[in-house]
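In what follows, a single structure is set out as structure tokens and then discussed.
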Amino acid sequence: MSEHTQYGKLIGLLDERGAAYRVIEHEAEGATEAVSALRGNTLQEAAKCIVVMVKIGKKTKRYVLAVVPGDRRVDLNAVKQLLGGTYAGFATQEAAERLAGSVSGTILPFSFDPELELVVDPALLAHDEIFFNAARLDRSLALRTADYEAIAEPRRAAIAQAAA
């Protein structure tokens, strides 16, 4: 798994679809608060991307790429209820990185894997642009929100809660 593969796939997709975006180069950083300071965006504009595993009954697992504003956290109970699950928890690092195609801290708010359902909290989509690490710790994107929605086609659901 190469971080540059996902980065190239994303840039190719955005260019092909005519998306309005800016590449922001910065020091290598994966923590939302720290990287937002480097990029100069508010936490509310930052896309925090977390892979959640939801058990449906005894034998079925589904994975959700939960995308919430950087100043909030994923509400696991809301994700569980959204999928009609019996349990929801954070995916293992190995499963998250395999499904997302990039290392933790660089997970994109896009799913390129049919096993990974993309769900975005509407609060993130209230901004003109969203900011996220672009499958690399040293590079981020500022992407026009309307283009993000048109290209990623996320499921919209209230899955964020105030950070503890």
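The values are calculated or read from the model by the stated rules, or taken from the named source; none is laboratory data. Only a predicted model underlies this, so the values are computations on that prediction, with no experimental measurement involved. Positions of Cβ are generated from backbone atoms using ideal geometry, with glycine treated the same way; all protein chains shown enter the neighbour counts. For the accessible areas, the whole protein counts, side chains as well, though only heavy atoms, and no ligand, DNA or RNA atoms are used. Shrake-Rupley method; radii C 1.70, N 1.55, O 1.52, S 1.80 Å.
Quantify how much of the Cα-Cα distance distribution of segment 82-164 extends past 15 Å, in percent.
65 percent
Rounded to the nearest 20 debye, what is the charge dipole size of segment 63-158 about its Cα centre when +1 sits on each Lys and Arg Cβ and -1 on each Asp and Glu Cβ?
160 debye
Please get the size of the charge dipole for segment 1-86, origin at its Cα centre, with Cβ charges of +1 on Lys and Arg and -1 on Asp and Glu, quoted in debye to the nearest 20.
Taking the Cα centre of segment 1-86 as origin, the dipole is about 840 debye.
Taking amide H positions as placed 1.01 Å from N in the peptide plane, with prolines and chain starts having none, which residues 5 or more places from residue 56, or on another chain, fall under 5 Å of its amide H?
HN-HN under 5 Å from residue 56: 61, 62, 86.
Residues of segment 1-138: accessible area per residue at 1.4 Å, in Å²?
48 Å²
Within the chain, what is the number of lysine pairs with alpha carbons under 23 Å apart, leaving out pairs fewer than eight places apart on the same chain?
Lysine pairs meeting the criterion: 7.
Report the Rg/Rh value for the chain, based on alpha-carbon coordinates and the Kirkwood definition of Rh.
Taking Rg over the Kirkwood Rh, I get 0.94.
Using a 1.4 Å probe on the protein chains only, how many percent of the accessible area of segment 69-118 belongs to carbon and sulfur?
Percent of accessible area from carbon and sulfur atoms in segment 69-118: 48.
Along the three principal axes, how long is segment 117-164 when you take its alpha carbons, biggest first, rounded to the nearest angstrom?
That gives 30, 29, 23 Å along the principal axes, largest extent first.
Where q = 0.13, 0.21 Å⁻¹, what log10 of I(q)/I(0) comes from the Debye formula for segment 15-80, counting one point per Cα?
Once normalised to I(0) and log-transformed, intensities are -0.53, -0.93.
Within the chain, what's the longest stretch lacking trypsin sites (Lys or Arg not before Pro) that sit in DSSP loops with no more than 13 other Cβ atoms inside 10 Å?
Looking at the chain, 60-164 is the longest stretch - no exposed trypsin sites (Lys or Arg not before Pro) with at most 13 other Cβ atoms within 10 Å.
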